[in-house]
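Written below as structure tokens is the structure these notes are about.
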Amino acid sequence: MKLWKLMVLLFCGSGLLACSSQPTPSLYQQLGGESGIAAITDGLLHQIEHDPLIVNHFRDTDIPRFRDLLAEQLCELSGGPCVYSGATMEESHTGLNLTTRDFDRLVNHLITVMQQRDIPYSAQNRLLALLAPMYSEVVER
Amino acid sequence: MKFLLLLLLFSSSAVLANSRVIGTGGVTSIEGSAGGGIVPWAVINGYHSTDEWSANSFISRVSVDDFTLNSAGVGVGLNNRWELSYARQQFKLDTIGGQLRQDIVGVKYRLTGELLYTAMPQISIGAQYKRHLDFDLPAAVGARSRDGVDLYLAASKVWLDAIAGRNLLLNATVRATKANQTGLLGFGSDDSNGYKLMFESSAALLLTHHLAVGVEFKQKPNQLAFADEQHWRDIFVAWFINRNLSVTAAYTDLGSIAGLSSQQGWYLSLEGSW
Ligand code: HEM
């Protein structure tokens, strides 16, 4: 009985389950709009460049093009006013032989960049939830 | 040990590294397997990913009204696929007097699924070989064997952005066991030596990248005639300080043990991972 009360206290006390009446801002806004997403993309490229374990995958990549397409994709995914014009995830990652480790590392880099930019934890998770399903289209192709 | 060396040899390309997202190794349970505090999950210990391995160790204490359980152990994980673990438990009978110790060697294999990424939950099978070191007392109260093997199947999944923007982990484990009080009172009884199927589960909410709160439930058989055995439960807070260090605190209810009812108290665990 005691334990049950503690549980209720912990979950309710944290305020997480309390309903807030304000409408949630769009993810696009939470990421900082066009300039925010540009900064996240650049931050991610910086992380990739300094990660010797994954940078090799990008040695033949047209980086400016990749940058623009990634920003475009993040913009569209998060509900911004963009239409992604690149190849499908399956098409663009087939033949790269990416591993789960490559994917894990990219996710960690993205989290690092979002932390640096003070993106709220809930917005980080909203973006990650949109990216996670792409795992099977990207890894071991 | 030989098995472990073989594994490492076969995958000599694996490097000691921690590429996985923080929190995805769970913590180390009192039995040495990665999971919650009392339930083994489908997660593989540490933060190594594919082509990597990692090592970890833990020390924990559960202090309830009339007993203290000290556990300590080491483990390695490989390729986010294999987990090997060893733990020593010392169960001190603070009121009755004396102690009961057992060794637990565990192996876990991830069958399918990626905790964070796939719609399919991460599913693992595992075994825990347990050997009692002070079997006289369990034998005196009706336990049949000094050692036993638990087999389990676990499914774990994280739902990103599940509740108020937080990530939710749910785990369900089915365990086949002959153990009395998880083996601390030996295995089987005078009139029963069959496996019992037990259900265990955990739920955890990640409040931040570094902090999780959750609850656990562990169904237990009740085979010894001398005293009732009851299900275990706890409510926990885990603090993942970084990829190398985590601390878990819990309030736990172990029910009745050896005739002493309503055993409740605190659980504290410190874990290192490399
Ligand atoms: C959900 C995760 C991912 C997303 C959303 C994503 C997104 C993209 C996009 C939009 C492109 C451009 C497509 C095009 O050229 O038309 C691309 C290409 C590429 N991605 Fe990913 N990617 C992901 C995961 C990864 C991972 C884990 C790696 C490796 C560490 C990776 C490596 C590459 C490379 C090397 C290219 C360029 C291929 C080329 O040069 O043609 N991607 N990705």
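The values are calculated or read from the model by the stated rules, or taken from the named source; none is laboratory data. Computed from a predicted structure; not experimentally measured. Please note: Cβ atoms are built from the backbone with ideal geometry, for glycine as well, and neighbour counts cover all protein chains shown. Surface accessibility is based on the protein's heavy atoms, side chains included, excluding ligands, DNA and RNA. Shrake-Rupley method; radii C 1.70, N 1.55, O 1.52, S 1.80 Å.
Assuming residue B:176 fulfils every condition listed in (1) open to solvent by 30 Å² or more (accessible area, probe 1.4 Å); (2) within 19 Å of the chain's Cα centre (by Cα); (3) within 25 Å of residue B:122 (Cβ to Cβ); (4) not β-branched (Val, Ile, Thr) apart from one, which condition is it?
(1)
Quick check, is residue A:49 at negative phi, more than 10 Å from every other protein chain (Cβ to nearest Cβ) and surrounded by 14 or more Cβ atoms within 10 Å (Cβ to Cβ)?
no
Taking segment B:179-213, which residues are open to solvent by 40 Å² or more (accessible area, probe 1.4 Å), under 24 Å from residue B:146 (Cα atoms) and assigned to a strand (DSSP E or B)?
If the condition is that a residue be open to solvent by 40 Å² or more (accessible area, probe 1.4 Å), under 24 Å from residue B:146 (Cα atoms) and assigned to a strand (DSSP E or B), then B:196, B:197, B:199 are the ones that fit.
Matching residues to (1) within 14 Å of another protein chain (Cβ to nearest Cβ); (2) modelled with pLDDT of 95 or more; (3) surrounded by 15 or more Cβ atoms within 10 Å (Cβ to Cβ):
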position	(1), (2), (3)
A:12	yes, no, no
A:17	yes, no, no
A:27	yes, yes, yes
A:31	yes, yes, yes
A:92	no, yes, yes
A:101	yes, yes, yes
A:106	yes, yes, yes
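On the basis of being modelled with pLDDT of 95 or more, under 30 Å from residue B:52 (Cβ atoms), more than 8 Å from the ligand (Cβ to nearest atom) and surrounded by fewer than 18 Cβ atoms within 10 Å (Cβ to Cβ), does residue A:55 make the cut?
Details: modelled with pLDDT of 95 or more: yes; under 30 Å from residue B:52 (Cβ atoms): yes; more than 8 Å from the ligand (Cβ to nearest atom): yes; surrounded by fewer than 18 Cβ atoms within 10 Å (Cβ to Cβ): yes.
In short, yes.
When you scan segment A:124-135, how many residues do you find that are within 7 Å of another protein chain (Cβ to nearest Cβ) and more than 10 Å from the ligand (Cβ to nearest atom)?
Counting residues in segment A:124-135 that are within 7 Å of another protein chain (Cβ to nearest Cβ) and more than 10 Å from the ligand (Cβ to nearest atom) gives 3.
Any idea which of A:74, A:110, A:70, A:96 is in contact (Cβ under 8 Å) with a residue 24 or more places away in the chain, within 11 Å of the ligand (Cβ to nearest atom), more than 13 Å from chain B (Cβ to nearest Cβ) and open to solvent by less than 20 Å² (accessible area, probe 1.4 Å)? Quick ask: steps written out before the conclusion?
Working: A:110 fails: more than 13 Å from chain B (Cβ to nearest Cβ); A:70 fails: open to solvent by less than 20 Å² (accessible area, probe 1.4 Å); A:96 fails: open to solvent by less than 20 Å² (accessible area, probe 1.4 Å).
None of the others qualify; the one that does is A:74.
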